[in-house]
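Take a look at the structure set out below.
Throughout, read-outs are computed from the coordinates displayed, never taken from laboratory work. Since this is a predicted model, take the numbers as computed values, not measurements. Note: ideal-geometry Cβ built from the backbone for every residue, glycine included; neighbour counts use all protein chains shown.
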Amino acid sequence: MSSWFVALLGGVLIGLSATALLLFTGRIAGVSGIVNGLTRRSSGADWAWRAAFVAGLAGAGGATMHLLHQATASPARLPVLLLAGVLVGFGTSLGSGCTSGHGVCGLGRFSRRSLVAVLTFMASAIVTVLLTHHLFGT
Amino acid sequence: MKAALAALLCGALFGIGLALARMTDPLVVIGFLDVFGDFDPTLAFVLIGATMTTAVAFHFVLRRARPIVAAQFELPATRTIDLPLILGAAIFGVGWGLAGYCPGPALVGAGAGVSTALLFLPAMIAGGLAHRFVAARYNGKSRPTRISVFRS
């Protein structure tokens with residue numbers, strides 16, 4: 001199978017997962033929001049569905065990576081990697097979403113806020129890669 | 001508990017999709033973002049596949065009076081395009097471009113035991129906590145508001 005077809009199939013599975021979560025639990029499948037909710041004081045039931053989603057994501061996703069012999073690490077050096085983690089956590093909390101919440105779910109709901117968010121983080125990520133890989137070297 | 005079981009299975013499907021699509025490989029992600037260099041457009045098909053599915057299917061799901069195992073749909077209430085949205089997305093994009101991880105793939109990578117994902121994840125959680133700490137100090141009203149869509 002060509003790689004673009006597998007990517008399309010992976011995308012459809014992600015879309016079906018987001019649809020099933022909305023259909024069954026009424027929740028938006030935004031990973032940053034789901035993770036952030038785990039560190040907030042909330043009811044046991046609210047914590048349980050978030051923890052279950054994260055467990056399924058990391059467990060089944062991690063197992064799939066092993067089956068496909070994927071183990072590629074990030075090329076970022078340790079301080080950059082940690083800085084990137086903080087920026088992703090801070091930015092997705094401030095901006096109320098990430099690739100899944102604004103991208104997969106927000107665009108699916110035709111949300112103007114999510115469209116603006118997606119265009120903004122795509123642009124800033126593209127500029128970041130341009131600066132780090134081409135202007136300053138790695 | 002039914003909601004937790006549904007969430008577990010949805011999370012699993014989401015993770016399988018991410019790994020299959022190779023969103024979990026930071027080099028593939030950086031290649032996708034490297035528009036002015038070694039551009040690899042494959043990941044655009046992930047976004048196309050996912051949003052085409054949700055754009056059609058959400059429409060039918062949201063026509064229901066309520067979800068199957070919960071009392072109501074919980075959708076974001078905010079409609080305005082404001083500075084926190086744009087600033088937050090811009091900051092997120094910088095982190096995404098630096099490491100090649102966004103939150104979902106970082107969790108999947110950590111699940112697979114990839115060292116860089118295991119290091120990235122606690123930093124990401126700390127970043128989210130840092131924002132909530134700052135927001136609580138400076139305006140005290142930055143918690144996301146949600147609207148409840150009752151049966152119509």
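Shown in residue order for the stretch B:84-89 are the 3J(HN,Hα) couplings computed by the Karplus curve 6.51 cos²θ - 1.76 cosθ + 1.60 at θ = phi - 60°: x, 4, 6, 5, x, 5 Hz (x for Gly and Pro).
Within chain A, what's the longest stretch lacking trypsin sites (Lys or Arg not before Pro) that sit in DSSP loops with no more than 15 other Cβ atoms inside 10 Å? My reading of the result: A:78-138 is the longest stretch. Based on C-alpha pairs under 8 angstrom that are at least 6 apart in sequence, chain A has a relative contact order of 28 percent.
With Cβ to Cβ distances under 11 Å as the rule, what net charge do the other residues near A:Ala7 carry (K, R +1; D, E -1)? Mind dumping the intermediate values first?
Values: positive: B:Arg22; negative: B:Asp40.
Around A:Ala7, the surrounding residues sum to 0.
Once you charge only the Cβ atoms, +1 for Lys and Arg and -1 for Asp and Glu, what is the size of the charge dipole of the stretch B:30-129 about its Cα centre, to the nearest 20 debye? So the magnitude is around 560 debye.
Given a cut-off of 16 Å, what percent of all Cα-Cα pairs of the stretch B:22-128 lie beyond it?
On the way: 4027 of 5671 pairs.
Within the stretch B:22-128, distances greater than 16 Å cover 71 percent of Cα pairs.
Which value, in debye to the nearest 20, describes the size of the charge dipole of chain A about its Cα centre when Lys and Arg Cβ atoms bear +1, Asp and Glu Cβ atoms bear -1, and nothing else is charged? Intermediate results must be reported in sequence, preceding the final value.
Working: 8 positive and 1 negative charges, 64 e Å.
Around 300 debye, computed over chain A.
Farthest toward the positive end of the dipole of chain B, out of B:Ala90, B:Ala136, B:Gly104, is the Cα of B:Ala136, where the dipole comes from beta carbon charges about the Cα centre.
Near the amide H of B:Phe73, within less than 5 Å, lie the amide hydrogens of B:Val149, all on another chain or at least 5 residues away, with H placed in the peptide plane. Its Kirkwood hydrodynamic radius, worked out from the mean inverse distance over all distinct Cα pairs, puts chain A at 17.0 Å. Per residue, the Cα convex hull of the protein assembly as shown amounts to 118 Å³.
Of the complete DSSP H runs in chain A, those spanning 30 angstrom or more by Cα along the long axis with a mean Kyte-Doolittle score not below 0.5 are A:3-25, A:44-67.
Among B:Phe73, B:Phe60, B:Phe120, the residue with the largest mean-square fluctuation in a Gaussian network model of chain B, with springs joining Cα atoms closer than 10 Å, is B:Phe60.
Largest GNM mean-square fluctuation across A:Gly15, A:Gly61, A:Gly33, computed for chain A with C-alpha springs under 10 Å, falls on A:Gly61. Based on Cα contacts under 8 Å between residues 6+ apart, chain B shows a relative contact order of 30 percent. Considering only A:Cys105, B:Phe60, B:Leu43, and ranking their Cα positions along the charge dipole of the protein assembly as shown that arises from unit charges at the beta-carbon of Lys, Arg, Asp and Glu, the one farthest toward the positive end is B:Phe60.
Would you mind working out the magnitude of the charge dipole of the stretch B:1-83 relative to its Cα centre, with +1 at each Lys and Arg C-beta and -1 at each Asp and Glu C-beta, to the nearest 20 Debye?
Numbers: 6 positive and 6 negative charges, 143 e Å.
That gives a dipole near 680 debye.
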